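I have placed the structure first, in the form of structure tokens, so that the comments after it can refer back to it.
The values are calculated or read from the model by the stated rules, or taken from the named source; none is laboratory data. Note that the structure is predicted; figures quoted are calculated from it, not measured. Please note: Cβ atoms are built from the backbone with ideal geometry, for glycine as well, and neighbour counts cover all protein chains shown. Just the protein is used for accessible areas: all its heavy atoms, side chains included, with ligands, DNA and RNA removed. Shrake-Rupley method; radii C 1.70, N 1.55, O 1.52, S 1.80 Å.
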Amino acid sequence: SVQAKGYEYDETLEIPFTSLVGEAQTVEVPPGKSKTVTFEMTTPEKEFDGVILGGFVAELVEDNEVTNNESDLSFVNKFRFVKAIVIRNSEEKIAPVIKMNDVKPALYTYRTAIVANIQNTSPTLIGKTTFEAKIFKKGTTDVLKSASRDDIRLVPNSNFDFPIMWDNEPLRPGNYTIQMNVTADEETFQFEKDFKITKAQSNSINGKAVELKEDKNRSWIYWLMGAILLIVVVVLIVVIVKQNKKNKRLAKKTKKATKNKSHKKSNKSRKK
């Protein structure tokens, strides 16, 4: 099984399974028949601890494609058969070693979350693993968000991002602390790490998230803006009304003065 293009193996993985077996093969199997496929394997040059995991994947070369001409949609069905492989030198049990690397804000399935990168640096398959994580505002004891899982398996020399979902709420800039307990093979690993959400990260992630709830802590800003706008409108209306009244009084005075002036001229004319 070959990883996708651009995939980077964990830094602690010394012997990838794909480095021990030959290249992919194309095999034609007649209907109702079977065929044995043989791969050449190169054994590691030196003895290694723990296990090497890998697998063989068989899939049809042709695609079963159905096209809907009305909507121009294409549907492709793919079937795979996977055979897992475990390689070991001895049955000696290897103690698990788990680390917590970077903690950062992210989009997880297009929703706001904090992800903690968990790494199994040991060459051993860790079965049922329990995760418990809590996030606090730095310097406080109130739990902002939490997450727990008890159905995760860790493959040898690998890492993955464990998500603490933010319940579709916006991620706000600030300093935070994560506490996490990971229990594997009856051994508990405890982690605590400070991390920061920058304003740029907050704006970028919140802008791309789906089903994001309104930020209640910022709703007062919209109320304030609405109140200010209402006050401005009221002030403008009062100013306009006062100005109209002033203009009317001025026009009335002007009209009266003009009438009086015309009356005086008329009286002078009569006297002459």
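Taking +1 at the Cβ of each Lys and Arg and -1 at the Cβ of each Asp and Glu, which of Ser148, Pro16, Phe195 sits farthest along the dipole of the chain towards its positive end, judged by Cα position relative to the Cα centre? So the residue we want is Phe195.
The apolar share of the surface of the chain, taken as the fraction of accessible area on carbon and sulfur atoms (1.4 Å probe, ligands and nucleic acids excluded), comes to 52 percent. In the context of the full protein assembly, Lys213 retains an accessible surface of approximately 110 Å², using a probe radius of 1.4 Å and ignoring ligands and nucleic acids. Just checking the listed ones, Val234, Val143, Val61: in the Gaussian network model of the chain with Cα springs under 10 Å, the one fluctuating most is Val234. Ordered from highest to lowest accessible area with the whole protein assembly present and a 1.4 Å probe, Lys193, Lys245 read as Lys245, Lys193. In order along the stretch 227-238, the Karplus-derived 3J(HN,Hα) couplings, from 6.51 cos²θ - 1.76 cosθ + 1.60 at θ = phi - 60°, round to 5, 4, 4, 5, 4, 4, 4, 4, 4, 4, 4, 4 Hz, and Gly and Pro are given as x. Placing unit charges on each Cβ (+1 for Lys and Arg, -1 for Asp and Glu) gives the chain a dipole about its Cα centre, and among Ile98, Val233, Val51 the Cα reaching farthest toward its positive end belongs to Val233. Leu229 sits with roughly 110 Å² accessible to a 1.4 Å probe, with DNA, RNA and ligands left out of the calculation.
With the whole protein complex present, Tyr108 retains an accessible surface near 90 Å², based on a 1.4 Å probe.
Between Lys104 and Ala251, the modelled label-to-label distance comes to 6.8 nm, taking each label 7 Å out from Cα in the direction of the beta carbon.
Excluding same-chain neighbours fewer than eight residues apart, the aspartates and glutamates reachable from Lys208 by a Cα-Cα span under 16 Å are Asp167, Glu169. Axis angle, to the nearest 10 degrees, between helix 199-208 and the longest C-alpha principal axis of the chain: 80 degrees. The simple spin-label model puts a point 7 Å past each Cα toward its Cβ; for Ser146 and Asn203 those points are separated by 3.5 nm.
Converting phi to 3J(HN,Hα) with the Karplus coefficients 6.51, -1.76 and 1.60 and the offset θ = phi - 60°, the stretch 39-55 yields 10, 7, 10, 9, 6, x, 5, 10, 5, 10, 8, x, 10, 10, 9, x, x Hz in sequence order, with x at every glycine or proline. Residue ranking by accessible heavy-atom surface, 1.4 Å probe, largest first, among Asp150, Asp49 comes out as Asp49, Asp150.
Ranking Glu92, Glu11 by solvent-accessible area of protein heavy atoms (1.4 Å probe, all protein chains present), from largest to smallest, gives Glu11, Glu92.
Couplings 3J(HN,Hα) of the stretch 146-161, computed from phi: 8, 7, 8, 9, 9, 10, 9, 10, 10, 7, x, 6, 8, 8, 8, 9 Hz, in residue order, whole Hz [Karplus 6.51 cos²θ - 1.76 cosθ + 1.60, θ = phi - 60°; x for Gly and Pro].
Of the labelled figures [x] 20.5, 60; [y] 37.4, 140; [z] 30.0, 109, only one reflects Rg and Dmax of the Cα atoms in Å as derived from the coordinates, namely [y].
Using a simple charge model, +1 on the beta-carbon of Lys and Arg, -1 on the beta-carbon of Asp and Glu, nothing else, what dipole does the chain show about its Cα centre, in debye to the nearest 20?
Details: 44 positive and 34 negative charges, 1566 e Å.
For the chain, the charge dipole is close to 7520 debye.
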